[in-house]
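One structure is given here, and the rest of the page talks about it.
The values are calculated or read from the model by the stated rules, or taken from the named source; none is laboratory data. Because the structure is a prediction, the values reported are computed rather than measured. Cβ atoms come from the backbone with ideal geometry, glycine included; neighbour counts cover every protein chain shown. In case anyone asks, the SASA skips ligands and DNA or RNA and just uses the protein heavy atoms, side chains included. Shrake-Rupley method; radii C 1.70, N 1.55, O 1.52, S 1.80 Å.
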Amino acid sequence: MVHTVTSPESGLHAAGEDAIRLARELVRRDSTNHGGGQGDERAAAEYAAEALGEAGLDPLVLESAPRRANVVVRVPGTDPSASALLVHGHLDVVAADAADWTLPPFAGEIADCPVTGVPALWGRGTVDMKNTVAMVAAVVRHWSRHGLRPRRDLVLAFVADEEDSAAYGADWLAREHADLFEGCSVGIGEGGGETVHARGTDGRPVRLYPVGAAERGSAWLTLRARGTAGHGSRPPRDNAVGALADAVARVGRHAWPSHLTPVTLDAIDAVAKALGVERSPGDTATDEAVDALVARLGEAAPLIAPAVRNSATPTMLSAGYKVNVVPGEATAGVDGRVLPGAEAAFESTMDALTGGRVDWEYAHRSPAVSAPVDGAAFAAIGAALRAHDPDAHVVPMCLSGGTDAKVFSRLGIDCYGFSPMSQPEGLDYSALLHGVDERVPLDGLRFGVRVLDTFLRS
């Protein structure tokens, strides 16, 4: 490591500006994941590897298929007896149609946010999640300039294909290169750490920082109905399209019962305490009571609501090729999400909803995961946030969707969603995920660098 005469504290300002520059350059390297194996993370991976190389590290660029690139590097710590920490983020982004955007989605431009008026970096991936890749790289580069090292080994993994199935990214790395993650007991990645502004029952402003401690499992389903093919003027009684449509309608309108996991109960307690919302045992006794309790959490309700039950959302339909021909088969796609411990209930419910005429099967499946909220890792996350925002209320959260944590959990790693980012009041950060005009406040990046430096060296 290179030593300089500047103090590490003053150097963190420079590291924040470095994160902004790195994020801009990563956005400018289009790494759109179109799904179905169609993606290209190579340019973004090479840039990230170059940035880490300038910090005296020797990162590996590993391709699972042509242009499907991943970057992995180990940062040695000062305590060889301590377990290692995984820091993971993905390089791929979802598609963006420039015609819909105020500024070009891959230009990495800086302009004021129209909602808050604060300077922001615009572009696809600024929220999900090239911002985090840039912040982590900036912290490591800061350490190199000032002769700093973390206490424990860090394994940085910037991966491909998170926006699809992870087959070319985390899943491939976990299967083919598990040795790179040797010794990792805890990991952090996307899915939490940003400011959520709320109001207490007395009207006071409250800053919540949700941290992902669990994720619903992914259950992407294919529904299939078969029947007799024929002429549309002589409809058969076993019309596959009609049978499928009935089943899809039942799935779409089904009211799933509440299923409160330990993480969600902890989340409700933490948010209610921060806001001053009083609770009673009856608040979780029925589905209606649970929904009423969540509603009383006001602006914080979206943190809890998606995680109180399973879900199954019809998203795709396919049948036939000509209007006067009855097809012999019809299919549908359903995006299912399953809470920890609710897998059997999900499957039995899908059996009942589809009925005898329609079969269903998993097109893609990943398990629900959870990590402890009463251990040293979660406590260290909270301490790092409060070190830079003393009024922070750090609360656990079960993510409604999924991240690469599902894959890395298979390696015995407790994974948390922690990508720290301060947000000004009025900006709906979560709405920018995969949205038009994705953008991140510059001060949010600077804040994230400071928090990550504190956490990763603790």
Looking only at the range 130-164, which residues have a backbone nitrogen under 16 Å from a spot 7 Å from the Cα of Glu182 in the C-beta direction?
153-156
When the charge dipole of the range 70-127 is computed with +1 on Lys and Arg Cβ and -1 on Asp and Glu Cβ about the Cα centre, the Cα farthest towards its positive end, among Gly77, Val118, Phe106, belongs to Gly77
Give me log10 I(q)/I(0) at q = 0.14, 0.19, 0.21, 0.27 Å⁻¹ for the range 248-304, Debye formula, one equal scatterer per alpha-carbon, no solvent.
-0.41, -0.68, -0.80, -1.17
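Determine the gain in length on full extension of the stretch Ser458-Ala82; use 0.36 nm per residue of separation and subtract their C-alpha separation, reporting nm with one decimal.
That works out to 134.2 nm of additional length.
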Semi-axis lengths (Å, descending) of the ellipsoid that matches the C-alpha gyration tensor of the range 315-404
44, 16, 9
Considering only Ala45, His13, Leu26, whose Cα is most displaced toward the positive end of the charge dipole of the range 9-146, charges sitting on Cβ of Lys, Arg (+1) and Asp, Glu (-1)?
Ala45
Positive-pole candidate from Ala387, Ser409, Pro367, dipole of the range 356-415, charges at beta carbon:
Pro367
Among 195-208, 365-378, 40-53, how do they line up from the highest to the lowest mean number of other beta-carbon atoms within 10 Å?
40-53, 365-378, 195-208
Under-5 Å amide H pairs with Ala84, H placed in peptide plane, nonlocal only
Cys184, Ser185
Which value, in debye to the nearest 20, gives the size of the charge dipole of the chain about its Cα centre, when Lys and Arg are +1 and Asp and Glu are -1 at the Cβ?
360 debye
For the chain the translational diffusion coefficient, Stokes-Einstein from a Kirkwood Rh over Cα pairs at 20 °C and viscosity 1.002 mPa s, in µm²/s, is roughly 92 µm²/s
Table column - 3J(HN,Hα) (Hz), the range 149-156, Karplus curve with 6.51, -1.76, 1.60, x for Gly and Pro
9, x, 5, 10, 4, 10, 10, 8
Which whole-Hz couplings ³J(HN,Hα) result when phi for each residue of the range 435-449 is put into the Karplus expression 6.51 cos²θ - 1.76 cosθ + 1.60, θ = phi - 60°, listed in order with x for Gly and Pro?
x, 6, 6, 4, 7, 9, x, 4, 5, x, 5, 4, 4, x, 4
Estimated dipole of the range 14-66 in Debye, rounded to 20 [Cβ of Lys and Arg +1, of Asp and Glu -1, Cα centre]:
180 debye
Gyration tensor (alpha-carbon) shape descriptor, the range 55-136, a/c threshold 1.5:
oblate
At q = 0.17, 0.22, 0.28 Å⁻¹, the log10 of I(q)/I(0) for the range 268-335 from a Debye sum over equal Cα scatterers comes to -0.67, -0.93, -1.22
Cβ-Cβ cut-off under 10 Å around Thr32, Lys and Arg +1, Asp and Glu -1: the net charge is -4
HN-Hα J couplings of the range 83-96 from phi, Karplus 6.51/-1.76/1.60, θ = phi - 60°, integer Hz, Gly and Pro as x?
5, 7, 10, 8, 10, 10, x, 10, 8, 7, 9, 7, 5, 9
Not counting ligands, DNA or RNA, and with a 1.4 Å probe, what is Ser81's accessible surface area in Å² rounded to the nearest 10?
100 Å²
Which value, in debye to the nearest 20, describes the size of the charge dipole of the range 196-299 about its Cα centre when Lys and Arg Cβ atoms bear +1, Asp and Glu Cβ atoms bear -1, and nothing else is charged?
540 debye
Amide proton proximity set for Ala160, modelled H, under 5 Å, gap of 5+:
Leu91, Ala170
Please work out whether the range 174-257 counts as rounded, prolate or oblate from its C-alpha gyration tensor, where a ≥ b ≥ c are the square roots of the eigenvalues and a/c under 1.5 means rounded, while otherwise a/b larger than b/c means prolate and anything else oblate?
oblate
Amide H proximity to Asp414 below 5 Å, modelled H, separation 5+ or other chain, gives Val186, Gly187
